[in-house]
Structures are given as structure tokens and as C-alpha cells.
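Since the structure comes first, as C-alpha cells, the remarks are kept for the end.
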Amino acid sequence: SAVISQKPSRDICQRGTSLTIQCQVDSQVTMMFWYRQQPGQSLTLIATANQGSEATYESGFVIDKFPISRPNLTFSTLTVSNMSPEDSSIYLCSVDPRTGGYGYTFGSGTRLTVV
Amino acid sequence: AQKVTQAQTEISVVEKEDVTLDCVYETRDTTYYLFWYKQPPSGELVFLIRRNSFDEQNEISGRYSWNFQKSTSSFNFTITASQVVDSAVYFCALSEASQGGSEKLVFGKGTKLTVNP
């Protein structure tokens, strides 16, 4: 299955600033997904990133807050903009199982704390 | 909309005990996939199993086994002879179509398993 390198692994940020999270996959994949896991909660899909087109956002998530780039088939970034303490979460990227392996593979996650 | 329910929020067992984690799902789709993931304290998600809705055979992998019953919409996970290293949060998930047209995973709230020595 695909191997995903995600960074940073953790960060502490000031409110009002932005953080960009990167995911690098060791093979070409069609779809990449970005999830959020709020403290003590389950995972929720933020958006789906398809190479060469704009990301598609789930209900409750908007591009201005979570801009995503997908410049090629092995890389994607998620930016958390104008952060507030409510954005403190673990953010994870994941790849489409149809091209990335039998089961959805996840990055190791970015643990974000906004102060 | 799809829904995954993991009614057990936390379970605590003593090493070598068997433990079953429950998962009940709701879907209107006839074709779907069910998953189990393990999230140890370090935070990464470890894929354990993917099950096609047409395959109701139970599966065993070492100390892990899964019981899929469409009649009750359940996909339960049993760990036999639990070990301290099994301590983690376990998530059950169901695939459904995303806004982007591909699949996305709908996760249950997770069950935190603590195995005490």
C-alpha cells in the first residue's frame, strides 16, 4: 500500500495565523482526502483533492478557511487559515484505496494547537 | 445518510482476556465497504480490515477476528488473548460517496480499549 509522509507532525500556533500541512505520497494517486479529528472525537472529512481541479469541500467546510493545493499526483497541502482555538485538532491526509492500496492509508497526522 | 455507531465508549480489560468491540451501521446502499482502524496514543491510523458488503464470511487474522452480519447491520471486532499493546482507540468506518464523487469514510466515534497488565 501507499506510504504517506505528513508534516509537520505537530505545531503550536498563535490565533489569527495560518498553517500549511503537507502530504507526500510515495506513489501516484488520483484522490487525496483531508480529515479533521477534534479532541476526543471521530474523524470528519474536510475535502477531497483531485489533481488538476479544485478541491471539493464537505458541508461545513469552506475554501477560504481550508485552502487545498494538489499540484501533482503525489503531493497535496492543506492550509488552516486565520486560526482560532477551535481549530485545535489532528489533521490527517488519506489516499484513495482504488489507486493507493487495499485500504485507505492515512498520514501520521498533524497535531495542531492554537493558542 | 450513512451512520456508524460504536456504543462502547471505553472498555478496560486485563491482559489475556478476550474483548469484542461492537459496530452497527446504517446505509441505504447495496454496495458498501466496512473498515476497522486502530489509533494508538501516537495518533496515526492503522488500517486493520476492509470488508465488502457482499462478503459475509468471518475473517480471522492472528488474534483478531471480525464478524459481519448484514441481517443485524453489525461488523464486530474481537481481540483474543488481549495484550497491553492492543491499547488504543478503535474506529469502525463505512464508505459512502463524497461530494467529490469518490468514496469517503464515515467513522464511528471510536472505542477506547485499555488492556491492563
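A few remarks follow.
- Count of segment A:94-115 residues which are among the hydrophobic types (A, V, I, L, M, F, W, C) and modelled with pLDDT under 95: 2
Yes/no matrix, rows are residues, columns are (1) of a type in the set (Asp, Glu); (2) surrounded by 18 or more Cβ atoms within 10 Å (Cβ to Cβ); (3) within 30 Å of residue A:7 (Cα to Cα):
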site	(1), (2), (3)
B:55	yes, no, no
B:58	no, no, no
B:65	no, no, no
B:72	no, no, no
B:103	yes, yes, yes
B:106	no, yes, yes
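- Selection count where residues are in contact with a helix residue (DSSP H, G or I) (Cβ under 7 Å, 6 or more places away or on another chain) and at the interface with chain B (Cβ under 10 Å from one of its Cβ atoms), scope segment A:28-53: 1
- Among the numbered conditions (1) farther than 23 Å from residue B:35 by Cα; (2) touching a Phe, Trp or Tyr at 6+ places or on another chain (Cβ under 9 Å); (3) within 10 Å of another protein chain (Cβ to nearest Cβ), the only one that residue A:79 does not meet is (3).
- Some residue of segment B:9-28 being within 14 Å of another protein chain (Cβ to nearest Cβ), under 26 Å from residue A:3 (Cα atoms) and of a type in the set (S, T, N, Q): no
- Of the set (1) within 29 Å of residue B:48 (Cβ to Cβ); (2) surrounded by 13 or more Cβ atoms within 10 Å (Cβ to Cβ), all apply to residue A:13 but (1).
- Listing of strands (runs of 3 or more DSSP E) fully contained in segment A:27-78 that carry 3 or more residues being closer than 23 Å to residue B:3 by Cα and either without any contact (Cβ under 8 Å) to a residue 40 or more places away in the chain or touching a Pro at 6+ places or on another chain (Cβ under 9 Å) (or both): A:43-50
- Unique match (being within 21 Å of residue A:104 (Cβ to Cβ), modelled with pLDDT of 95 or more and surrounded by fewer than 18 Cβ atoms within 10 Å (Cβ to Cβ)) among B:24, B:46, B:13, B:84: B:24
- Residue match in segment A:1-8 (condition: under 28 Å from residue B:88 (Cα atoms), modelled with pLDDT of 95 or more and surrounded by 15 or more Cβ atoms within 10 Å (Cβ to Cβ)): yes
- Filtering segment A:82-92 to residues that are within 14 Å of another protein chain (Cβ to nearest Cβ) and hydroxyl-bearing (Ser, Thr, Tyr) leaves A:88, A:89, A:91.
- Boolean, residue A:71 is surrounded by fewer than 18 Cβ atoms within 10 Å (Cβ to Cβ), more than 12 Å from chain B (Cβ to nearest Cβ) and at pLDDT 95 or above: no
- Only one of A:89, A:59, A:76 that is at pLDDT 95 or above and over 11 Å from the mean Cα position of the chain (by Cα): A:89
The values are calculated or read from the model by the stated rules, or taken from the named source; none is laboratory data. Note that the coordinates shown come from a computational prediction; the quantities given were computed from them, not determined experimentally. Heads up, the Cβs are rebuilt from the backbone with ideal geometry, glycines too, and the neighbour counts pull from every protein chain shown.
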